[in-house]
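In what follows, a structure is listed as structure tokens, so that the remarks can point back to it.
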């Protein structure tokens, strides 16, 4: 079995704005808070030590090291105890997010205490995501439900890559280069482009390796789309994301 790269569960699309939970208040992600770098560093260190003891492999922060991470997570697919799954997802997610930050560029935000509130804000394009929630899905695969008891309590589960809301979604969005009527929003356009690619084997679809490759491809496609629209390249920082995050979209 295989799945289109842009496919995903309707409740948590692979690409698009982060979904809101019906009937529940949305709590915005905290901006850079004291303790965020320390939390990420501690989670990465503990996870690397665990993996080294289990597999006798030293993680080096390379893209290739994600293969060892994915294999290690696959060993826990039958695990049902939430504390064990949560610790594993927090560590793997922190390692994955830190790898993206170093390899591609980005910044962490969170409250410095809860791993599930960590978000990685990508620098080359307006893309943000929860590495920890993506790690949960790498462990459990397609059968993971947002209300699964294996997921630690916290914000609404969201394993998607979030993009800037389109003009139709957010009439108050004040971007320097507002879209023209002929422009197609990035999320819809990306879904269409990714759906045109060869399907990904189902056993690899939720892996962190596939997530990284998909993110790289998304950034390349977005860069080409924006160049074709005559938009100049830019680097995104916290100030570019803060309005979207503050509205509870992440």
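How many residues, within region 110-124, are in contact with a strand residue (DSSP E or B) (Cβ under 9 Å, 6 or more places away or on another chain) and either under 19 Å from residue 62 (Cα atoms) or surrounded by fewer than 23 Cβ atoms within 10 Å (Cβ to Cβ) (or both)?
From region 110-124, those in contact with a strand residue (DSSP E or B) (Cβ under 9 Å, 6 or more places away or on another chain) are 110, 117-124; that's our starting set.
If we keep only those that are either under 19 Å from residue 62 (Cα atoms) or surrounded by fewer than 23 Cβ atoms within 10 Å (Cβ to Cβ) (or both) too, we end up with 117, 120, 122-124.
Total satisfying the criteria: 5.
Take the conditions modelled with pLDDT under 90, surrounded by 12 or more Cβ atoms within 10 Å (Cβ to Cβ) and more than 21 Å from residue 128 (Cβ to Cβ) and apply them to residue 200. Does it pass?
yes
Do we have any residue at all in region 204-212 that's over 28 Å from residue 110 (Cβ atoms) and crowded, with 16+ Cβ neighbours inside 10 Å?
Looking for residues that are over 28 Å from residue 110 (Cβ atoms) and crowded, with 16+ Cβ neighbours inside 10 Å, one finds none in region 204-212, hence no.
Which residue out of 78, 33 is in a loop (DSSP other than H, G, I, E, B), modelled with pLDDT under 95 and surrounded by 15 or more Cβ atoms within 10 Å (Cβ to Cβ)? Spell out how you get there, then give the answer.
Details: 78 fails: surrounded by 15 or more Cβ atoms within 10 Å (Cβ to Cβ).
Of the residues listed, the single one that is in a loop (DSSP other than H, G, I, E, B), modelled with pLDDT under 95 and surrounded by 15 or more Cβ atoms within 10 Å (Cβ to Cβ) is 33.
Against the conditions (1) surrounded by fewer than 14 Cβ atoms within 10 Å (Cβ to Cβ); (2) in contact with a helix residue (DSSP H, G or I) (Cβ under 9 Å, 6 or more places away or on another chain); (3) assigned to a loop (DSSP other than H, G, I, E, B), where does residue 57 fall short? Just the number, please.
Going through the list (1) surrounded by fewer than 14 Cβ atoms within 10 Å (Cβ to Cβ); (2) in contact with a helix residue (DSSP H, G or I) (Cβ under 9 Å, 6 or more places away or on another chain); (3) assigned to a loop (DSSP other than H, G, I, E, B), residue 57 breaks only (1).
Condition first: within 13 Å of the chain's Cα centre (by Cα) and in a helix (DSSP H, G or I). Now tell me which residues in region 95-114 satisfy that.
95, 96, 97, 98, 99, 100, 101
The values are calculated or read from the model by the stated rules, or taken from the named source; none is laboratory data. None of the values given here were measured: they were computed from a predicted structure. Counting neighbours? That spans all protein chains shown, and the Cβs are built from the backbone with ideal geometry, glycine included.
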